[in-house]
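Working notes, beginning with the structure itself.
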Amino acid sequence: MRGISIFGKMYEAGLMGEIYLRQMMSGTLDYKQLVKRDLPLALKMIAKRKLKLLPSFGKSAIPDKTAERKDVIAYYPGCSLHGTSSEYDTSTRAVLSRLGVTLEEPKSWNCCGSTPAHSTDHYLSVLLPIRTVHSMEKAGYSNITTPCPSCFIRLRTAQIECRKEGIQDKLLAEMGELPSPD
C-alpha cells in the first residue's frame, strides 16, 4: 500500500516485475515474450505518459467553502484516467461537454485504493475514498462523478462502510467529521 500512496498506478509495473523475477528464479520466464512484446510495450506506455515514473507528491487542500456548487459536477478521474486510460478520460470529458455538463476536477483528490487497498487493509480502503469525497463536499460540490468503475465502487462502498461502528470512530478521530451519507 505504501507504493500506491506514492506512485499511483505504477504499482502494476512493480507487480509485473515481481512476477517476472519469480518466473526467472523458477526457470519458467519466456525471455522472447519479455524482450519482443512486454518491454517494448512498457517503453511505449512510458513514452505516451501512461506510466509515470516519478510520483506527484500530493495535491493542495481545497479551502472550506459553504456555498453549494449545483451548476458544476466534481469530476473524479482517479489514477487510471490520468495514466493508462487517458483516452477514456478525454472521451468522457468530450461527451459530457457536448451534453452541456460542466465538470471540474478538484485539486485535492487522492487515489481510491482500488484493488490493493481493499484486498490488504479494510480501514485504508475506506479512508482513501472517503477523504476524497469529504474534500469535494467541503469545497461545495453537491455532485461527484467518476467514469472509472473501480473508483465508483470504492467511493460508493466507502460511503456505506464509513457509517459502521468501529470504522466510523477511527475516521472521525482522523478526519474530524464525515461526509454526508448521500
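Results for (1) surrounded by fewer than 17 Cβ atoms within 10 Å (Cβ to Cβ); (2) under 24 Å from residue 14 (Cα atoms), shown as yes or no for each residue.
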position: 91; (1), (2): yes, no
position: 107; (1), (2): yes, no
position: 124; (1), (2): yes, yes
position: 127; (1), (2): no, yes
position: 131; (1), (2): no, no
position: 142; (1), (2): yes, no
position: 159; (1), (2): no, no
position: 169; (1), (2): yes, no
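Looking only at the range 56-70, decide whether some residue is at pLDDT 75 or above and not in a helix (DSSP H, G or I).
Going through the range 56-70, the residues at pLDDT 75 or above turn out to be none.
No: zero hits.
Against the definition (among the basic types (Lys, Arg) and touching a residue at least 12 places away in the same chain (Cβ under 8 Å)), how does residue 170 come out, yes or no?
Answer is yes for this residue.
So is residue 38 at pLDDT 80 or above, among the charged types (D, E, K, R) and more than 14 Å from residue 82 (Cα to Cα) or not? When the stated conditions are applied, residue 38 does not pass them. Which of the numbered conditions does residue 160 fail, given that it passes all the others? Conditions: (1) in contact with a Cys (Cβ under 9 Å, 6 or more places away or on another chain); (2) of a type outside the set (Ser, Thr, Tyr); (3) over 30 Å from residue 44 (Cα atoms). Unmet condition: (1).
The values are calculated or read from the model by the stated rules, or taken from the named source; none is laboratory data. Everything numeric here is computed off the predicted structure, so don't read it as measured data. Glycine gets a Cβ as well: all are built from the backbone with ideal geometry, and neighbour counts include every protein chain shown.
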